[in-house]
Amino acid sequence: MAQGVCEVLWLQRVLEELKRPISLPMKLYCDNKAAISIAHNPVLHDRTKHVEIDKHFIKEKLESGIICTPFVPSNQQVADILTKGLLRQPFEFQVSKLGMTDIFAPT
């Protein structure tokens with residue numbers, strides 16, 4: 001999640017340099033409710049010791065209003081088509097959401 005926040009910040013800077021207006025907060029969609037709750041809740045648990053620095057970085061950006069982390073169910077996570085092997089039906093659904101077309105399909 002911290003890597004995603006860094007990329008959102010980089011994208012924000014690039015768009016500012018190109019004089020393109022952006023609306024804040026930028027949405028960082030996440031399909032992990034535990035990661036979202038850890039980012040919003042500053043309480044340290046035994047299971048979160050290894051993410052302490054990342055957690056504070058994300059929390060700072062959330063509080064400043066630069067990003068927000070809405071939940072998206074795994075079956076609607078568009079990034080899964082690029083990172084996971086999906087069955088045919090979920091694959092075709094994700095392809096349609098991306099607006100991709102088969103250039104080799106008969107017309």
Report, by residue number, each residue of region 1-36 that is among the small types (G, A, S), under 13 Å from G65 (Cα atoms) and touching a strand residue (DSSP E or B) at 6+ places or on another chain (Cβ under 9 Å). none
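Conditions (1) at pLDDT 85 or above; (2) touching an Asp or Glu at 6+ places or on another chain (Cβ under 7 Å), marked per residue:
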{"residue": "K55", "(1), (2)": "no, no"}
{"residue": "K61", "(1), (2)": "yes, no"}
{"residue": "S64", "(1), (2)": "yes, no"}
{"residue": "T69", "(1), (2)": "yes, no"}
{"residue": "V72", "(1), (2)": "yes, yes"}
{"residue": "D80", "(1), (2)": "no, no"}
{"residue": "G85", "(1), (2)": "yes, no"}
{"residue": "M100", "(1), (2)": "no, no"}
{"residue": "F104", "(1), (2)": "yes, no"}
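Restricting to region 61-91, and then to whatever is of a type in the set (D, E, K, R) and surrounded by 12 or more Cβ atoms within 10 Å (Cβ to Cβ), can you tell me which residue is farthest from the chain's Cα centre (by Cα)? Before you say what the answer is, go through the steps one by one.
Just the residues of region 61-91 that are of a type in the set (D, E, K, R), to begin with: 61, 63, 80, 84, 88.
Keeping just the survivors that are surrounded by 12 or more Cβ atoms within 10 Å (Cβ to Cβ) gives 61, 80, 84.
Values: K61: 14, D80: 11, K84: 15 Å.
Per the stated criteria, the residue is K84.
The values are calculated or read from the model by the stated rules, or taken from the named source; none is laboratory data. What you see is a predicted model; the values in this text were computed from it and never measured. We place every Cβ from the backbone using ideal geometry, glycine too, and count neighbours over all the protein chains shown.
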